[in-house]
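This report refers to the structure that appears directly beneath it.
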Amino acid sequence: MLRIYGAAKSRTLRTLWMVGELGLAYDHKDYLPRAPETRTPEFRALNPNGRVPVIDDDGFVLSESMAINFYLAKKHRSALYPSDPKHEALALQWSLWETDRVDRQLVNYVRHSKELPEAERKKEIADASWKEVVESFDVLEIALAKSAWLAGPAFSVGDLNVAGALYRALFLDLAKWPHVQAWLNRCWDRPAAKRARAMRE
Ligand SMILES: N[C@@H](CCC(=O)N[C@@H](CS)C(=O)NCC(=O)O)C(=O)O
């Protein structure tokens, strides 16, 4: 049995989207980030980082949302896992790029401009993060102006990983990046994406 640790209100959202695409049954340990359940010796044994998501797939334990999605798509021989090595590499490229260039930057921007109580927001963090988000969206816009999808001719784990990570961008004004906007909508219009989103909102 596949067990997923992590609430939809976390980076586990991407994992929940992927299992929805694959139609997998799973046991859900709906732990929020930093919840007491993630601070136990049992959870630390699964992920010494203390973070979600983590999966336990019949005893195979894996953390890091991007790696989890690659593993699940490949294991279940999904069409979302590119068969062409070049497209596979592009899916990896964009997933790693997202983790490096957008993931925390976008979270920090939204938290320090909207989500945190006003007294806890730091304008300098919001501004510095937004600068990096803008640079990243400019890069994504160039790629998506050339190709409808990030890794080959169809929606793939690469698109899911990046679009999943850009959940908070669904609530931003993306008019400056029309190709990003259209691609993000295409990705999040998928039934499995909508189901994952409904678990969070
Ligand atoms: N690179 C990791 C990041 C995981 C991560 O930062 N998860 C957050 C929730 S979205 C967490 O569990 N934070 C708890 C903590 O910082 O202790 C991934 O993509 O899985």
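Read-outs: derived from the displayed coordinates by stated rules, not from any lab. All of these numbers come straight from a predicted model, not from anything done at the bench. All Cβ positions, even for glycine, are placed from backbone atoms using ideal geometry, and neighbour counts span all protein chains on display.
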Can you classify the chain as rounded, prolate or oblate using the Cα gyration tensor, where a ≥ b ≥ c are the square roots of its eigenvalues, rounded means a/c under 1.5, and otherwise it's prolate if a/b beats b/c and oblate if not? oblate
Report the calculated FRET efficiency for A67 and M1 (r = Cβ-Cβ distance, R0 = 25 Å), to the nearest 0.05. 0.80
Label point 7 Å out from E120 along Cα-to-Cβ: which residues of the range 10-39 have amide N under 14 Å? 33-35
Got a sec? Which residues in the range 41-57 would a label at R104 touch, if it sits 7 Å along Cα→Cβ and we count backbone N under 18 Å? 48-53
Label-to-label distance, nm, for residues given as K146 and F171 (7 Å Cα→Cβ offset): 3.4
Specify the inter-centroid distance of the range 105-166 and the range 170-201, based on alpha-carbon positions, in whole Å. 12
If you place +1 on the Cβ of every Lys and Arg, -1 on the Cβ of every Asp and Glu, and leave all else neutral, what size is the dipole of the chain about its Cα centre, to the nearest 20 Debye? 260
Here, N185 and D84, labelled 7 Å along Cα→Cβ, have an inter-label distance in nm of 2.7
For the range 85-200, just say rounded, prolate or oblate: build the C-alpha gyration tensor, square-root its eigenvalues into a ≥ b ≥ c, call rounded for a/c under 1.5, and beyond that prolate if a/b exceeds b/c, oblate if not. prolate
Given contacts defined as C-alpha pairs under 8 Å and at least six residues apart, what's the relative contact order of the range 85-200, whole-number percent? 29
Is it possible to state the helix-based mean residue ellipticity at 222 nm for the chain, with each DSSP H run of 4+ residues giving -39500 (n - 2.57), the sum divided by total residues, to the nearest 500 deg cm²/dmol? What is it? -16500 deg cm²/dmol
How large is the charge dipole for the range 85-200, taken about the Cα centre, if only the Cβ atoms of Lys, Arg (+1) and Asp, Glu (-1) carry charge, to the nearest 20 debye? 400
Of P191, P85, P178, the one that fluctuates the most in a GNM where the chain has Cα springs shorter than 10 Å: P85
Label model pair L96, E135: point-to-point distance (7 angstrom along the Cα→beta-carbon line) in nm is 1.9
Which of P33, P117, P82 moves most in a GNM of the chain, Cα contacts under 10 Å? P117
